[in-house]
Amino acid sequence: MKLTQATLRLFVIVLGLLTAFAALAQGSISGQVWSADTDSGLPFAHVKVLTVSDSTFVAATVGDIHGSFSLDLVPGNYIVHVSLLGYQTHRQDVEINNQRIDLHRISLAEDTKLLEAVVVRGQRPLLERRVDRTIVHVGERLTTSGNSALEILEKSPGVIVNRQSNSIDLYGKSGVQVMINGKMSQMPLDAIVQMLDGMSGDRIDKIELITTPPAKYDATGNAGIIHLILKDAADLGTHGQLSLVGGYNHGETFGGNVHLDHRKNRLSYFVDYSYRNDLNRHLWLTRQEIPIEDGRLLTTTNSRRTPRITVQSFETGVGYDLDRTSLKFVLGGYRRVWEMDATTTDQRRQLSQVMTAMELHEMNRWQSLSAGLGIRHHISDGQDIEVTFDELHYLNNNPSDYSISTEGGNDQQQSQLSVTKDTPIRFRVVKADYTLKKGSSFLSEFGAKGSFSRFSNDARVNVNEDGLFMEDPYLSNRTQLQEDIWATYGSSTWSSGSWQVRGGVRYEYTQTRLSDEEGELLGDRSYGNFFPNLSISRSIGKEQSLYTNYSRRITRPSMNDLAPFFFFISPNSFINGNLSLRPAINDMVEVGYQLRSWSTTIGYSHVANQIVILQPEVDQETGAQVYRSQNLRFLNTFTISSSLPLAIAPWWQTNSTLTVNRYDYATQHLPQNVTRSLWAATFNGSWTFLLPRDFSAEVSGTFQSRGLLGLFTFEPMGQLNLAVKKELKSGRGSLTLAATDVLNTGIWRMDSDLPEGQMDSFIRYDWGLRAINLTYRVSFGNKKLSAVKIGSGATSEKSRVN
């Protein structure tokens, strides 16, 4: 690959900035917080610096796993204040000049006066607004107990999960990245949704909805990033948690999760394993009407599906800290098996009626294995560099067998189809990041990344002719995709008094080559883009703040969107790929106001070449309905969102979020393109009650008005969820009974109407969301131990695979 001159110039500028910032060293203090009782380092102690004259706050930090800390300070006289829950506070006067002051070991003794038997029951505010994100504290929500991570997301404000298209929207915008404990999930887009549906949600503490991601993150994803943060505390030792869940929707559901953390001295590790088995029922109904030479053709399809989904995931990580260098290694695996039997009836009415019955057995396996190695080195006070290497492998097998019988007039036909789809995928990612911190008011980050992906798609359709299966060359294909992405970025954060400013720019250069099995190019693209972002906030007094954000992001066509393949929904409708898709560029700006816990945001985004999936078309020769991704010419979205957490009483807390969107868009792939507009609204609410005898209860609900998916319009839908929780006397466990979609209203209904009557279609899909679950959760070991968070450096690769 040849780098452009612009890329080389940007690289030289970044190196120059690194050198300039590294020369700005000032005075500093450092030390290590030590336990006087165990003669070992105390992790995560709070270190605060105040002025001697009037005790004005100057700076603060948190010690690392060994208790070490450092702070850059301008010359002056200060008070160093060191504290940690369960230990006596330490205060020390320090005079700083233009040199480094080492306070060595600061010993803290245990505070024996702490009351050990007092337990305070209460709830954190559900929502917290920051300059570039909204934080949802879900760890104490009862209706999340026993739910999967995907079900928790469905109940989060501004989040819309489309199970039919395996996509997630954030505040009315598509193209979301999913991050867990600081690292992006390395899964294909459809596997991400399925993985979250199989992941235990019991360990999720909070969710960050990041609408303006910093430049250090990949620019992929028009809507931003959803960051899942697991539950955390602070201490050394070993800690574990076991969750068991059993329930029923349209079949039995059972599963569990076990997680173990260990941290001692320089070594830390974690092990996590999850299992989920779900037997369900899906009901699919479609109706399509298209014009033909002698009238109109009406096709109605009914499909009853009984999938059994088994999900297993395993991840382990090891970290080791040297004096100035830390090493980490992560190994993970994932396996999801979807096995389904379906019965589909298809009626086609023209001058006469043709009945088609299809029996389907489908097996869809997703398997992955990933490994990551990271090295972080502390150069000097305020300067760190980290390099990570990741290798990611995925394999998707999707065999399906179809038995089709057709009856019309005096004719009867029998046919059989056998479809296989093997898709191996590989990523190699290398990433380097440099961080420069000057005191508590200035932070700069610079970095570079290379991502190299290889994708093969071998899809074959075999037709039974006279007892022998013969490959259909029209429906079969073999394609290969190679894609390399180079990126570099610079980002800075500055705060002073009531102001906080963060800005940065990222440059990404992409090369994509798609070829068939003979090596003939089907697509060859190279392009580079700059992605700036800027966030500004200002506090007004103690309880008010204003903020504004701007960012530019990109959504590249996914690999399966590009690669041609056929997936049969019924004998006369199927899903196909689209080689002509182009990347979508999104420019977004928003302003917001926060008063105490109430926040309101107004935003506007313009997306050129917005990618929308499952767009309906008609094969004029056969009358079959085809679904595939298409580019809109543009999609403009105006958004108003308001959230209000409210504590009505000490035992009663509520939260409500209302988001209103105005969509304007135009198509560009139809013979006669259309321009359309729509107002849409989404509401999320929860009501939590603390009851006597360690009981608590929660009611939550969502409502979504009419919405858009390209040419499809969603009909209104919603959910009502109930839960009751009992804390066990041991203090280490709980029982939760939760009911999801009590009224059975979480059903997708979509319709489309192409111009001049080219096609009128309707889809209804009942996912079987109504369920009841009983969850038992127990913790063991040291309950104060923090979750060991060892991540990798690969980022948005997961969304490029689907």
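Restricting attention to the range 503-530, the residues that are crowded, with 16+ Cβ neighbours inside 10 Å and acidic (Asp, Glu) add up to 1. For the range 315-328, which residues satisfy the criterion of being open to solvent by 70 Å² or more (accessible area, probe 1.4 Å), over 17 Å from ASP390 (Cβ atoms) and touching a residue at least 40 places away in the same chain (Cβ under 8 Å)? Across the range 315-328, the qualifying residues are TYR320, LEU322, ARG324. Checked against the criterion of being hydrophobic (A, V, I, L, M, F, W, C), surrounded by 24 or more Cβ atoms within 10 Å (Cβ to Cβ) and either at pLDDT 75 or above or assigned to a strand (DSSP E or B) (or both), the candidates VAL245, VAL161 yield just one match: VAL245.
Of the residues making up the range 364-393, those that are at pLDDT below 90 and of a type in the set (A, V, I, L, M, F, W, C) are TRP366, LEU392. Looking at TYR507, is it in contact with a Gly (Cβ under 8 Å, 6 or more places away or on another chain), assigned to a strand (DSSP E or B) and modelled with pLDDT of 85 or more? Taking the combined requirement at face value, the residue satisfies it. Looking across the range 329-355 at every residue that is buried (at least 16 other Cβ atoms within 10 Å of the Cβ) and of a type in the set (A, V, I, L, M), the one that is farthest from the chain's Cα centre (by Cα) is identified as VAL354. Test SER444 against the criterion of being buried (at least 17 other Cβ atoms within 10 Å of the Cβ), assigned to a strand (DSSP E or B) and more than 23 Å from the chain's Cα centre (by Cα), and give yes or no. Spelling it out, SER444 is indeed buried (at least 17 other Cβ atoms within 10 Å of the Cβ), assigned to a strand (DSSP E or B) and more than 23 Å from the chain's Cα centre (by Cα).
Taken over the range 388-416, residues that are open to solvent by 30 Å² or more (accessible area, probe 1.4 Å), touching an Asp or Glu at 6+ places or on another chain (Cβ under 8 Å) and within 24 Å of GLY317 (Cα to Cα) amount to 1.
Elements of the type strands (runs of 3 or more DSSP E) sitting completely within the range 647-713 and holding at least 1 residues that are surrounded by 15 or more Cβ atoms within 10 Å (Cβ to Cβ) and β-branched (Val, Ile, Thr): these cover 652-667, 675-691, 695-704.
Per-residue answers, yes or no, for (1) under 30 Å from ALA624 (Cα atoms); (2) aliphatic (A, V, I, L, M); (3) under 24 Å from the mean Cα position of the chain (by Cα):
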| site | (1), (2), (3) |
| --- | --- |
| ALA680 | no, yes, yes |
| TRP687 | no, no, no |
| ALA723 | no, yes, no |
| GLY733 | no, no, no |
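In the set (1) open to solvent by 10 Å² or more (accessible area, probe 1.4 Å); (2) without any contact (Cβ under 8 Å) to a residue 40 or more places away in the chain; (3) in a strand (DSSP E or B), GLY450 fails one condition alone, (1).
Here's the yes/no breakdown for (1) of a type outside the set (Ser, Thr, Tyr); (2) farther than 30 Å from ARG376 by Cα:
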{"residue": "ASN397", "(1), (2)": "yes, yes"}
{"residue": "TYR434", "(1), (2)": "no, no"}
{"residue": "SER440", "(1), (2)": "no, no"}
{"residue": "GLU445", "(1), (2)": "yes, no"}
{"residue": "GLY450", "(1), (2)": "yes, no"}
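Apart from one condition, GLN500 fits all of (1) under 25 Å from ILE210 (Cβ atoms); (2) open to solvent by less than 40 Å² (accessible area, probe 1.4 Å); (3) in a strand (DSSP E or B); the exception is (2). A search for C-beta distances below 6 Å between a residue of the range 726-750 that is at positive phi and any residue that is at pLDDT 85 or above and outside any loop (DSSP other than H, G, I, E, B), counting only pairs 6+ apart in sequence or on different chains, returns ASP741/GLN719. Quick one: in the range 71-109, which of the residues that are open to solvent by 80 Å² or more (accessible area, probe 1.4 Å) and part of a strand (DSSP E or B) is farthest from VAL33 (Cα to Cα)? The extreme case among them is ASN77. Residues in the range 257-271 that are within 25 Å of LYS725 (Cα to Cα) and surrounded by 18 or more Cβ atoms within 10 Å (Cβ to Cβ) were compared, and the one that is modelled with the highest pLDDT is LEU260.
Of the residues examined, LYS431 is one that is in a strand (DSSP E or B), over 30 Å from GLU517 (Cα atoms), open to solvent by less than 40 Å² (accessible area, probe 1.4 Å) and basic (Lys, Arg).
The criterion of at least 2 residues that are surrounded by 19 or more Cβ atoms within 10 Å (Cβ to Cβ) and modelled with pLDDT of 75 or more is met by the following strands (runs of 3 or more DSSP E) wholly inside the range 541-609: 544-555, 584-595, 598-608. Listed by first and then second residue, the pairs linking a residue in the range 70-93 that is of a type in the set (Asp, Glu) and at pLDDT below 85 to a residue that is open to solvent by 40 Å² or more (accessible area, probe 1.4 Å) and in a loop (DSSP other than H, G, I, E, B), with Cβ atoms under 6 Å apart and 6 or more places separating them unless they lie on different chains, are ASP72/GLN26.
Consider SER495 carefully, then state whether it is of a type in the set (Ser, Thr, Tyr), out of contact with any Gly (no Cβ under 9 Å at 6 or more places or on another chain) and either over 30 Å from ALA59 (Cα atoms) or open to solvent by 20 Å² or more (accessible area, probe 1.4 Å) (or both). Against the criterion (of a type in the set (Ser, Thr, Tyr), out of contact with any Gly (no Cβ under 9 Å at 6 or more places or on another chain) and either over 30 Å from ALA59 (Cα atoms) or open to solvent by 20 Å² or more (accessible area, probe 1.4 Å) (or both)), SER495 qualifies. Can you name the residue in the range 55-69 that is in a strand (DSSP E or B) and modelled with pLDDT of 75 or more and, of all such residues, is nearest to the chain's Cα centre (by Cα)? Applying the filter and picking the extreme gives THR61. Taken together, VAL463, VAL354 contain a single residue that is without any contact (Cβ under 8 Å) to a residue 60 or more places away in the chain, in contact with a Leu (Cβ under 9 Å, 6 or more places away or on another chain) and farther than 30 Å from SER68 by Cα, which is VAL463. Scanning the range 35-54 for residues that are over 38 Å from the mean Cα position of the chain (by Cα) and either at pLDDT below 65 or not in a loop (DSSP other than H, G, I, E, B) (or both) returns SER35, LEU50, THR51, SER53, ASP54.
The values are calculated or read from the model by the stated rules, or taken from the named source; none is laboratory data. All of these numbers come straight from a predicted model, not from anything done at the bench. Every residue, glycine as well, gets a Cβ built from its backbone with ideal geometry; the counts of neighbours run over all protein chains shown. Just the protein is used for accessible areas: all its heavy atoms, side chains included, with ligands, DNA and RNA removed. Shrake-Rupley method; radii C 1.70, N 1.55, O 1.52, S 1.80 Å.
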